[in-house]
Amino acid sequence: MEKRKHARCTIHQMVETSFDRERFISAEGLDLSEGGLRCRSPEPVEPLSQIYLIVSIPKEGGDWLIKTDATVVRVEKKKNGYTYGICFNQLTEADTQAIRACLDSA
């Protein structure tokens, strides 16, 4: 049974994440939805951590940068690091439209 609230599109790009906007870690974005993002990183992160992230998504006329606060809702240990489920705390309408365009083109 599918538990996801939103459709997802596959992405493969670096995502910049920070904790308290002081400690930064690099992560690879795996998929994206209106509700959040799944990414992979070699560094562990605690569930329920509040983060600030920047992700670039393709959009007609040039890439769109989403800069938003988010919450780490799930962490899974993998052979090559960790996979995180991240929930956006609040997106602008323009961010949501850019994600929808990405989903429509997938």
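A compact table of results
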read-out	value
Fewest-first sequence of Phe19, Phe24 by Cβ atoms within 10 Å of each Cβ	Phe24, Phe19
Relative contact order for the chain, counting Cα pairs under 8 Å that sit 6 or more residues apart, in percent	25 percent
Residue-by-residue Karplus 3J(HN,Hα) for segment 98-105, coefficients 6.51, -1.76, 1.60, Hz, glycine and proline x	5, 5, 4, 5, 5, 5, 5, 8
Point-charge dipole on Cβ atoms (K/R +1, D/E -1) for segment 9-99, about Cα centre, debye to 20	400 debye
From the coordinates shown, semi-axes √(5λ) of the Cα gyration tensor in Å corresponds to which of (1) 44, 13, 10; (2) 25, 14, 11; (3) 21, 16, 13	(3)
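Laboratory data are not the source of any read-out in this text; all were calculated from the coordinates shown. Note that the structure is a prediction, hence the values are computed from the model and not measured. Using ideal geometry, Cβ is built from the backbone for each residue, glycine included, and neighbour counts are taken over all protein chains shown.
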